[in-house]
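The values are calculated or read from the model by the stated rules, or taken from the named source; none is laboratory data. If you're wondering where the values come from, they're calculated on a predicted model, not measured in any experiment. A quick note on method: Cβ atoms are made from the backbone with ideal geometry, for glycine too, and the neighbour counts reach across all protein chains shown.
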Amino acid sequence: MKASRAPLSVEAAQALFVYNRGVFDRFVARVERLPAKASRRSRGIGHLSLFDTLVHILNVHEAWVVYIVPGRVRELVVRFRQPDRHPKDWAGFHAYETLVWTGVDAYLAGLSAKELRRTVRAPWMPGRYTVSDALFQTTFEEAHHLGEIIGALWQEDRAPPDMTWIDIGRGPVRKATRPKSRR
């Protein structure tokens, strides 16, 4: 695929991130309800604990959407070392989460078709790719890590939150209606 072609429309990208955030919020609520030891215990998943995996998902969104895509790569190198990117408790997590989602929302509010086709580059990845590719990267990485959390919850017979596109993307659930019969 050429860098000049964006597989996402602006509306689809924005809808995808509304979904990402909705799913993420459900997982945060689920993990936060667990006993502290259960949320912070190493489980042998990519970022060890459920809590740290949620932090990593925020790190990914911040790095790509707040720094790399807008062309603030030099700032990101310094930002990587900041202690607020590595919260140790839920209060720090929620402060960091607010910072990240505020940055993501601000970026997405100004998204355009031309912007989706623009090329970008992350220092740790070879080549160049489009903004659209970067937005997919954050989405797929979130899905991957939420899958780890799902597996860890299942190992303890704990149910993960619902996360279907239809349930989250359609807004409040309306009562089902039956078609009127014809007589």
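Before moving on, here are some points about what is shown:
- Of all the residues in the stretch 46-71, those that are aromatic (Phe, Trp, Tyr) and either under 29 Å from Ser132 (Cβ atoms) or not in a helix (DSSP H, G or I) (or both) number 2.
- Out of Leu34, Leu8, one residue alone is modelled with pLDDT of 95 or more, over 15 Å from the mean Cα position of the chain (by Cα) and not in a helix (DSSP H, G or I). It is Leu34.
- Restricting the stretch 107-131 to residues that are of a type in the set (Phe, Trp, Tyr) and out of contact with any Pro (no Cβ under 9 Å at 6 or more places or on another chain), the residue that is surrounded by the fewest Cβ atoms within 10 Å (Cβ to Cβ): Trp124
- Checklist (1) buried (at least 18 other Cβ atoms within 10 Å of the Cβ); (2) within 18 Å of Pro160 (Cβ to Cβ) applied to Val65, failing item: (2)
- Residues that are of a type in the set (Val, Ile, Thr), more than 25 Å from Phe27 (Cα to Cα) and out of contact with any helix residue (DSSP H, G or I) (no Cβ under 7 Å at 6 or more places or on another chain) within the stretch 69-104 comprise Val77, Val78, listed in sequence order.
- Residue check for Arg40: touching a helix residue (DSSP H, G or I) at 6+ places or on another chain (Cβ under 7 Å) and basic (Lys, Arg): yes
- For Thr98, the criteria (1) more than 20 Å from Ala159 (Cβ to Cβ); (2) touching a residue at least 24 places away in the same chain (Cβ under 8 Å); (3) among the polar types (S, T, N, Q) hold in every case but one, which is (2).
- Condition broken by Ala134, with the remaining ones in (1) crowded, with 20+ Cβ neighbours inside 10 Å; (2) outside any helix (DSSP H, G or I) satisfied: (2)
- The residue list Arg43, Arg74, Arg81 contains one member that is loosely packed, with under 13 Cβ neighbours inside 10 Å and outside any helix (DSSP H, G or I), which is Arg81.
- Filter result for the condition that a residue is of a type outside the set (S, T, N, Q) and without any contact (Cβ under 8 Å) to a residue 40 or more places away in the chain, over Arg26, Arg43, Arg33: Arg33
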